[in-house]
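Visitor: Mind looking over this structure? Questions follow.
What follows draws every value from the coordinates through simple rules; no lab data is involved. Please read all numbers here as calculations on a predicted model, not as lab measurements. All Cβ positions, glycine included, derive from the backbone under ideal geometry; neighbour counts span all protein chains shown.
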Amino acid sequence: MENKVPNRLINEKSLYLRQHAHNPVDWYPWGEEAFARAAAEDKPVFISIGYSSCHWCHVMALECFENQKIADYLNEFFVSIKVDREERPDIDHVYMSSCQAVTGSGGWPLSVFAGHDKKPFYAGTYFPPPVFLQLLKNIVRLWQKNRSKLLANGELILAHIKSPVFNPEAISYTAVEEGYLRLKQSFDPEYGGFFSEPKFPLPHYVWFLLKYYQCYYKEETRIMAEKTLDALREGGICDHVGGGFFRYSTDRHWTIPHFEKMLYDNVMLLYVYAEAYRALGIEKYRSTADKIAGYLLTRLRSKEGGFYAAEDADSEGEEGKYYLFTYDEITAALGARADIFTKYFDVTPRGNFHSKNVLRLKEEISPADAEVIGECLQLLRGMRAERTAPLLDNKVLTAGNGLAIAAFAFAGRVFENVGFIKAAEETFRFIEDKLMVSGRLHARYCEGETKYPATAADYTALLFGLIELYEATFKEEFLNKAQLLNVSFFGEFYDIIDGGYYYTGRDSETVLFRFKEYTDGAVPSSNALQVYNLYRLSALTNAATLYETAEQTLRLLSGEIRKHPLDCLFSLQSVLMRYHGALELNVVVPPGYDRGSINDAIDAIDWPFINVWVMEGERLEIRACAKGKCYPPIAEFAQLSELIKRT
């Protein structure tokens with residue numbers, strides 16, 4: 001039931017919050033006003049956390065928050081708060097940890113019950129209407145009759161979810177081998193990917209495998225990486241018509257996805273497919289990367305130069321409706337070409353999803369059929385264009401855009417695509433213009449409003465992007481700005497006593513406690529990514545203090561890395577780089593030298609980790625150092641490969 005009179009959320013910029021603005025629930029956005037009212041009226045607080053492209057968030061909204069009976073009960077006995085997890089990942093982290101402590105698992109929508117002091121005493125995810133209403137009644141009964149039990153439970157949860165007491169350890173290479181062993185054990189040898197359904201792309205897992213392969217050339221490593229990359233690009237998780245990838249697969253075979261598309265997934269996959277092309281030289285990975293980039297540039301990019309956060313899973317109230325085709329629709333649209341198309345994409349009258357077809361590539365398209373298949377896909381794009389598209393979440397998030405800068409800069413370098421590099425530069429200019437206020441980076445821009453101090457995820461992603469942008473262009477501006485951003489980040493976030501970076505800055509709101517993010521999720525954790533950034537930045541600037549900060553942070557995390565290697569796999573990539581050794585190149589170029597040509601020579605070098613610093617001088621000179629050894633300067637890049645072979 002839609003409420004004709006909107007609630008407070010109508011004034012918010014967040015698409016997710018505005019989607020609930022006409023619920024009969026008397027929602028508050030996150031803020032002290034809601035908790036003050038709860039204290040004044042002596043009511044418990046209900047906190048609902050989700051995001052705009054989440055299918056099950058829509059389901060619970062329809063079933064529960066538009067249900068007048070449930071809304072009336074919430075309004076009478078609770079103060080209700082809505083949170084967009086993408087705008088406030090700090091809030092989401094704290095309360096998701098409480099849900100995992102209570103139930104052993106998590107997900108969205110996240111449903112949390114807390115006291116006036118914000119401390120959670122119960123949490124769960126999706127609840128169907130009868131269960132949810134009964135839960136509300138149970139909470140109210142306990143709040144009124146046995147509140148001390150609820151609050152005591154809240155104290156236990158809070159004690160459990162506070163950041164672990166880190167036990168710094170010496171950085172050990174054995175953790176890399178343990179992580180690799182766990183990765184092998186989690187690998188699905190039949191269908192590719194990792195773990196059982198639901199299966200997520202986990203691009204940083206493949207990234208680790210590619211780097212490990214370049215270090216040791218184990219055939220099994222290459223097979224795991226290729227099997228996963230092939231399964232993703234062929235499966236239903238890939239949007240074969242419009243480009244890009246969906247959030248995850250509901251089955252082991254990568255056939256039926258949940259249809260939301262996230263910026264962070266797609267830019268990470270763009271980076272990894274470019275890395276796979278660079279490492280393995282397989283042309284189809286370049287083609288896949290190009291299609292991801294095309295999707296991002298045509299669908300998710302704003303006119304101002306930033307990238308939007310996501311596309312919804314649903315349209316017209318149905319999950320995946322925009323993306324699905326019946327057999328009859330395809331045969332009618334493609335005519336005589338339908339037979340060849342249905343063979344390649346496994347299209348049947350029965351379908352594979354509610355009598356419709358999620359397209360998946362059954363076999364590699366032969367060169368002889370490529371033109372016809374391209375024409376078919378173009379026709380289906382035209383058919384789709386006449387449908388109601390899923391909602392686009394038009395907020396621009398610094399973290400996702402930092403990763404986008406990195407992905408486009410790196411892919412542009414690998415593929416010699418100046419358009420990609422230009423897109424990376426333009427996105428950085430957008431962040432400078434819209435998300436940097438009085439020297440302080442911010443997390444979200446939407447419809448003219450810049451809001452929320454940036455988190456560690458924002459800073460580390462942008463630093464990653466600037467480093468990649470420097471190595472794609474060798475423009476000193478980007479290296480200088482990376483150094484300035486790193487100084488600001490260190491000052492606001494670094495724990496100078498114990499090491500490591502807090503997730504929120506000293507000038508930001510603290511929700512219950514400050515924590516240090518060290519486990520990876522869909523993307524590398526902020527501390528893991530920063531260690532990687534610092535090792536590279538120290539090599540590019542010859543700054544020993546940056547190297548020591550990376551070492552101190554990694555030592556802090558090493559105990560947790562040893563206990564949970566798969567959860568900390570990107571940290572292990574830094575350990576791998578540390579022990580294998582990066583190739584450090586200082587390149588002196590004469591005035592007017594084509595700096596773009598440097599990467600052509602570098603990409604021909606067989607080395608997994610390379611850092612390149614370029615400066616201007618009288619003549620071309622290359623100084624190389626690797627594995628604790630520096631070589632005499634050379635005057636031609638052609639000599640470099642021979643030099644490296646002796647290392």
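Visitor: Quick one: what does P(r) look like for the stretch 245-294 with 10 Å bins over all Cα pairs, in whole %?
Guide: Spelled out bin by bin, the stretch 245-294 gives 27, 44, 29, 1 percent.
Visitor: At 37 °C and 0.692 mPa s, grab the translational diffusion coefficient of the chain from Stokes-Einstein with a Kirkwood Rh over Cα pairs, rounded to a whole number in µm² per second.
Guide: On the way: Rh = 26.1 Å.
Estimated diffusion coefficient is 126 µm²/s.
Visitor: Filter the trypsin sites (Lys or Arg not before Pro) in the stretch 463-509 to those in DSSP coil with at most 16 other Cβ atoms within 10 Å of their Cβ, and list the result. Could you put the intermediate results ahead of the total?
Guide: Working: sites: 475, 481, 506; in loops: 475, 506.
Listed in order of number, the matching sites are 475, 506.
Visitor: Continuing with the same structure: Test of understanding: ordering 594, 600, 239 by Cβ neighbours within 10 Å, fewest first, what list do you get? Mind dumping the intermediate values first?
Guide: Working: 594 8, 600 12, 239 24.
Going from sparsest to densest Cβ surroundings: 594, 600, 239.
Visitor: Based on the mean of other Cβ atoms within 10 Å per residue, sort peptides 387-393, 560-566 so the most packed one is first. Let's see the in-between values first.
Guide: Details: 387-393: 16.9, 560-566: 18.7.
Top of the packing list down: 560-566, 387-393.
Visitor: Let me ask another. Just the number, please: percent antiparallel of the DSSP beta bridges in the chain, rounded to the nearest 5.
Guide: Values: 41 of 57 bridges.
Beta bridges within the chain, antiparallel portion: roughly 70 percent.
Visitor: Moving to a separate point now. Using Cβ counts within 10 Å as a stand-in for footprinting exposure, how do 623, 141 rank, fewest first?
Guide: Working: 623 15, 141 10.
Ascending Cβ contact count within 10 Å gives the list 141, 623.
Visitor: Give me the Kirkwood hydrodynamic radius of the stretch 405-495 in Å, from all C-alpha pairs, to one decimal place?
Guide: On the way: mean 1/r = 0.0744 Å⁻¹.
Its Kirkwood hydrodynamic radius stands at 13.4 Å.
Visitor: With no solvent and one point per C-alpha, what does the Debye sum give as log10 I(q)/I(0) for the stretch 583-645 at q = 0.15 Å⁻¹?
Guide: Taking Cα atoms of the stretch 583-645 as identical point scatterers yields -0.40.
Visitor: If you consider only alpha-carbon coordinates, what radius of gyration and Dmax does the stretch 17-75 have, in Å?
Guide: Computed over the Cα atoms of the stretch 17-75, radius of gyration and Dmax are 12.0, 35 Å.
Visitor: Just for the stretch 8-161, what percent of DSSP beta bridges are antiparallel, to the closest 5? Don't jump to the answer; show the numbers that get you there.
Guide: Values: 9 of 18 bridges.
Antiparallel: roughly 50 percent of the beta bridges in the stretch 8-161.
Visitor: Hey, got the Cα dimensions of the stretch 323-385 along the principal axes, in Å, largest first?
Guide: So the extents along the principal axes, rounded to whole Å, are 33, 24, 19.
Visitor: If each DSSP helix of 4+ residues adds -39,500 (n - 2.57) and the sum is divided by the residues in the chain, what number results at 222 nm, nearest 500 deg cm²/dmol?
Guide: Estimated from H runs of four or more residues: -15500 deg cm²/dmol.
Visitor: Next question, about the same structure. Calculate the length of the line joining the C-alpha centroid of the stretch 103-134 to that of the stretch 146-191, in whole Å.
Guide: The stretch 103-134 and the stretch 146-191 have Cα centres separated by 22 Å.
Visitor: Between the stretch 589-619 and the stretch 417-446, what is the separation of their alpha carbon centroids in Å?
Guide: Distance between centres, Cα-based: 26 Å.
Visitor: Another question, if that's okay. Could you tell me what a quarter of the Cα convex hull surface of the stretch 473-632 works out to, in nm² with one decimal place? Intermediate results must be reported in sequence, preceding the final value.
Guide: Numbers: hull surface 45.0 nm².
With the hull built on Cα positions only, its mean projection is 11.2 nm².
Visitor: Taking all pairs of different Cα atoms in the stretch 8-161, averaging 1/r and flipping that mean, what Kirkwood radius in angstroms comes out? Before the final figure, lay out each step's value.
Guide: On the way: mean 1/r = 0.0655 Å⁻¹.
Hydrodynamic radius (Kirkwood, Cα only) of the stretch 8-161 equals 15.3 Å.
Visitor: Something else now. Would you mind ranking 414, 25, 437 by Cβ crowding within 10 Å, fewest neighbours first? Each step should come with its number before you reach the end.
Guide: On the way: 414 22, 25 27, 437 11.
So the residues, fewest neighbours to most, are 437, 414, 25.
Visitor: Can you tell me the order of 260-266, 296-302 when each peptide is scored by its average per-residue count of other Cβ atoms within 10 angstrom, highest first?
Guide: On the way: 260-266: 25.6, 296-302: 18.1.
Per-residue mean Cβ counts within 10 Å order the peptides as 260-266, 296-302.
Visitor: Then there is this: Tally the DSSP beta bridges in the stretch 583-645 and give the antiparallel ones as a percent, rounded to 5.
Guide: Approximately 55 percent, going by the DSSP bridge assignments.
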